[in-house]
Amino acid sequence: MTTHTEVRRYPFGDPIRLDPHPLAAKLQREEPISRVRLPFGGEAWLVTRYADVRSVLSDPRFGRAATVGREDVPRVRETPALPNVLTSMDPPELTRVRKLTMTAFTSRRVQELRPRAERLVDELLTAMAESGSPADLVTALALPVPVTVICEMLGVPAQDQHRFREFSDAVMSTTLVSAEERMAAYGSLATYLTEQIAVRRADPTDDLLGALVAARDNEDRLTEDELVTLGITLLVAGHETTANQIANFTYVLLTTGEWDRLREDPDLVPAAVEELLRYVQLGNGGAFPRIANEDVELSGTLIRAGEALFVDLGAANRDEDAFPDAHTLTLDRHHNSHLAFGHGFHHCVGAQLARLELQVTLTALLRRFPTLHLAVPADEIPWKTGMLLRGPKTLPVAW
């Protein structure tokens, strides 16, 4: 068995743009399963190698449900994991809820959204062009695309979209707001979803939220709390990740010179999206601890029952053993089995929708604004802090 002595602070430090922290790569080479100390709850194991991360994510001996409500579980936020959230469930409860949700996110149903997504992006780019250069890509495009799509899927009225957008950052924060403010924002979202559920009980709809209400009321497969928290999860996670990645991907393409290559060969967009998903480190680390429910040996290290463990997806996606020349952005990379959407039981239910939105947005942006470039020096771009996810606050672009 491997002996571990040094305990490091995790996350390793404040993020710098989208740059991976160099300590992650060092640990991956020299100590792929290491000891870390989180801001709250104490110490845990950190797993950084691709093969080990995949193993953990598909191993039922490492669970999420045991983290719910526990102050002693290592974590990056003051408040412990909430109940009835997809990311805090284990099978069989997780399997039951995912099955209901996945009916709306099959490849076929997602592809049926493509024409609407293309029209939406075209409308937004037209408005951006009419407003003139320069523009903020975050507010003009990156945020409204996924917000509008997920709201329309769920059936959130357009005039109400601002009601949850203003609370979303608080829900996704680590240190941006206080624990009280974060829980107040969560409560506001819960109240709004409860109102929407009541509307659908009185007058059933054929949108996603209406379908979930029907599952709750007619087949009793969702509890009331599950219904509300699932709606919150889909609303928040359904736009926050993709909104950040639209801006992140554009920033990376413009600052690496790959924008020109993609403009000249737009057929590369699907492969480029997969490579950008692998290459761009969206998370800041430490989002979802897992608890070993029995003693598990992982690559020569004994993880004892009850101990917490984190996987570093960003590090795993830069593992040279899994991806040759892993620290290079290779838009035509083949066999790109990245872990940007996770793996196993908690693989992102909205992965296909995110891919669609990213492909449609990049394709249209390349076509409509082939000469796009940053309107300010790259080192002047302001980046979000105190959040679970990385992304620019604003992304000034010109053409």
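Of note:
- Put a dot 7 Å past the Cα of Arg119, heading toward its Cβ, do the same for Glu320, and the two dots end up 5.1 nm apart.
- Probe 1.4 Å, accessible area per residue of segment 1-156, Å²: 47
- ³J(HN,Hα), Karplus 6.51/-1.76/1.60, whole Hz, each residue of segment 78-92, x for Gly, Pro: 4, 7, x, 4, 8, x, 6, 9, 3, 6, 10, 10, 10, x, x
- Accessible area of segment 301-347 divided out per residue, in Å², using a probe of 1.4 angstrom: 44
- In the chain, Cα pairs under 8 Å separated by at least six residues give a relative contact order of 28 percent.
- Paramagnetic reach from Asp332 (point 7 Å along Cα→Cβ, amide N under 20 Å) across segment 249-272: 253-254, 256-272
- Trp399 contributes an accessible area of around 80 Å² to the protein surface, as traced by a 1.4 Å probe with all chains present.
- Computed label-point distance, nm, for sites Arg8 and Arg109 using a 7 Å Cα→Cβ extension: 4.2
- With a cut-off of 13 Å on the backbone N, the residues of segment 68-84 near the modelled label site 7 Å out from Asp225 along Cα-Cβ are 68-70, 81-84.
- Whole-percent carbon and sulfur share, accessible surface of the chain, 1.4 Å: 52
- Model label sites at Val199 and Val376, defined 7 Å from Cα along the beta-carbon direction, differ in position by 3.7 nm.
- 222 nm mean residue ellipticity, helices alone, for the chain (DSSP H n ≥ 4; -39,500 (n - 2.57); rounded to 500): -14500 deg cm²/dmol
- 19 Å reach of a label modelled at Thr126, 7 Å along Cα-to-Cβ, counting backbone N of segment 356-381: 360-370
- Heavy atoms of the protein chains alone define the surface here; on that basis segment 174-233 has 48 Å² accessible area per residue at 1.4 Å probe size.
The values are calculated or read from the model by the stated rules, or taken from the named source; none is laboratory data. None of these values were measured; they are calculated from a predicted model. Virtual Cβ from ideal backbone geometry, glycine too; neighbours counted across all protein chains shown. Heads up: the accessible areas ignore ligands, DNA and RNA and are worked out on the full protein's heavy atoms, side chains in. Shrake-Rupley method; radii C 1.70, N 1.55, O 1.52, S 1.80 Å.
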